Amino acid sequence: MSGRGAWGRLPFAAVLIAGLAVAAAGTSVPVKAAAAQWLLDRAWAESRERGEPVKAWPWADAAPIAVIEVPRLGVRQVVLSGGSGEAMAFGPTLMPGGAELGGRGTAVFAAHRDTHFRFLELVRQGDTIVVETVGGVRMEYWVTGGKVVRDDAFGVNPYSRESIVLSTCWPFDGQTRGPWRWVTYAERMS
């Protein structure tokens, strides 16, 4: 009887182990993102002291270049250079091809919807977004709106006045990657 009881528990144990593995895999990106923010905060402080980007860990493919804050929401995110998928696992990135921070045109930031840019669904027209660079330049932007666009029809005007765009996948509660992006637009305050 005890032999059959042990065999009876085997499927339960297998299902339990499989469930724990799935749960661990599902939380790996948010856990990695939270742990990375601590390292990025340290690298940001050192970058500000030196006046140039410092990598958060030796093998990183990106370094902190700015901080984005949304005061009304209490949000503060360290922004990474590069725009790569690897960098986005750890924080928002400044995408290549957009304007330089503080320059004429539109600077484009991107991050994952389930971690660093989750807050975008709470941002409202008129909110203030503050961007501070490694060099200590502090810029304030006001949110002019947001909308859903296809990833292949983004339409950033490189000749616009100083502005920023924050982009993430949409819908916010989506489980799979799709062609839609939520884009928040903000213009620099005079």
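Evaluating 6.51 cos²θ - 1.76 cosθ + 1.60 at θ = phi - 60° for every residue in the range 120-125, the Karplus couplings come out as 4, 5, 9, 6, 10, 4 Hz, glycine and proline recorded as x. Here the Karplus relation 6.51 cos²θ - 1.76 cosθ + 1.60, evaluated at θ = phi - 60°, turns the backbone of the range 44-54 into coupling constants of 4, 4, 5, 4, 5, 5, 7, x, 8, x, 10 Hz, with x for every Gly and Pro. When Ser190, Ser160 are arranged by Cβ crowding within 10 Å, least crowded first, meaning fewest neighbours, the order is Ser190, Ser160. For the range 33-67, the set of chymotrypsin sites (Phe, Trp or Tyr not before Pro) satisfying both a DSSP loop assignment and a count of at most 14 other C-beta atoms within 10 Å is given as Trp59.
Here's how it looks for Ala99: its modeled amide H is under 5 Å from those of Thr106, Ala107, Val108, which are all 5 or more places away or on a different chain.
Bear in mind these aren't lab numbers, they're just calculated from the coordinates by the rules spelled out. These figures come from a predicted structure and were not determined experimentally. When we count neighbours, we look across all protein chains shown, and the Cβ atoms used for this are built from the backbone with ideal geometry, even at glycine.
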